[in-house]
């Protein structure tokens, strides 16, 4: 089946959303297990968790910044959707991301009580993101596909790549693919994408082994 190059392909944003939801849920569970003593957390594991959580906070903030600065102005130009509630969500998320960064630093330094606090913050972030993303995908995605063209969407995606840490983003996003999505995305991305996934995947999987203890 030929690839449609005339309308926006939202797969990348869908994968980014899935990764946010998955990461906030799994780290909330992991930190809760550490807090209760169900799971051991030697220094190497704490460092790996801390590294990931700082990257995750940066990733979520970057994602929302691109929406605020690039995507929302395009959507306002269509006159088809009001994004003020979504903007308000972003404003509420930023202080929580800052709190997670603070608790993460304390956790890595060995402040054991920070594990429980961090788990609570991550659970709160997960709930907020789940509601926000559901609202965004239900209200904004149809407007994007109906009113923006592929060139406009390419500008959004280019801005998202600029400033993103692709060695973090690519492995975690592509880990969210269904088999069919993987085939389509890697076919579109070509040889370079496959090479990047292979190279970046090594470091990503090494950190994941430390985080999961497997």
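For residue 213, the conditions (1) at pLDDT 95 or above; (2) closer than 22 Å to residue 49 by Cα; (3) touching a helix residue (DSSP H, G or I) at 6+ places or on another chain (Cβ under 7 Å) all hold with the exception of (1).
Determine whether the stretch 59-81 contains at least one residue that is within 25 Å of residue 164 (Cβ to Cβ), free of Cβ contacts under 8 Å to residues at least 60 places away in the same chain and not in a helix (DSSP H, G or I). Among the residues of the stretch 59-81, not one is within 25 Å of residue 164 (Cβ to Cβ), free of Cβ contacts under 8 Å to residues at least 60 places away in the same chain and not in a helix (DSSP H, G or I), which makes the answer no. The single condition among (1) out of contact with any helix residue (DSSP H, G or I) (no Cβ under 6 Å at 6 or more places or on another chain); (2) under 30 Å from residue 33 (Cβ atoms) that residue 119 does not satisfy is (1). For the stretch 161-188, the tally of residues that are under 27 Å from residue 51 (Cα atoms), assigned to a helix (DSSP H, G or I), free of Cβ contacts under 8 Å to residues at least 60 places away in the same chain and out of contact with any helix residue (DSSP H, G or I) (no Cβ under 6 Å at 6 or more places or on another chain) stands at 3.
Give the residues of the stretch 168-186 that are more than 19 Å from the chain's Cα centre (by Cα) and surrounded by 11 or more Cβ atoms within 10 Å (Cβ to Cβ), sorted by residue number.
Of the residues in the stretch 168-186, the ones more than 19 Å from the chain's Cα centre (by Cα) are 179-180, 183-184, 186.
Those that are more than 19 Å from the chain's Cα centre (by Cα) and surrounded by 11 or more Cβ atoms within 10 Å (Cβ to Cβ): 183, 184, 186.
Under the condition of being modelled with pLDDT under 95 and more than 19 Å from residue 183 (Cα to Cα), which residue from the stretch 1-33 is surrounded by the fewest Cβ atoms within 10 Å (Cβ to Cβ)? Selected residue: 6.
Can you go through 125, 96, 129 and tell me which one is in contact with a helix residue (DSSP H, G or I) (Cβ under 9 Å, 6 or more places away or on another chain), free of Cβ contacts under 8 Å to residues at least 60 places away in the same chain and under 19 Å from residue 32 (Cβ atoms)? Before the answer, list the steps.
Details: 125 fails: free of Cβ contacts under 8 Å to residues at least 60 places away in the same chain; 129 fails: free of Cβ contacts under 8 Å to residues at least 60 places away in the same chain.
Being in contact with a helix residue (DSSP H, G or I) (Cβ under 9 Å, 6 or more places away or on another chain), free of Cβ contacts under 8 Å to residues at least 60 places away in the same chain and under 19 Å from residue 32 (Cβ atoms) holds for just one of 125, 96, 129, which is 96.
Considering the stretch 34-56, the residues that are in contact with a helix residue (DSSP H, G or I) (Cβ under 6 Å, 6 or more places away or on another chain) and either in a loop (DSSP other than H, G, I, E, B) or without any contact (Cβ under 8 Å) to a residue 12 or more places away in the chain (or both) include one that is surrounded by the fewest Cβ atoms within 10 Å (Cβ to Cβ), namely 39.
The values are calculated or read from the model by the stated rules, or taken from the named source; none is laboratory data. Note that the structure is a prediction, hence the values are computed from the model and not measured. Using ideal geometry, Cβ is built from the backbone for each residue, glycine included, and neighbour counts are taken over all protein chains shown.
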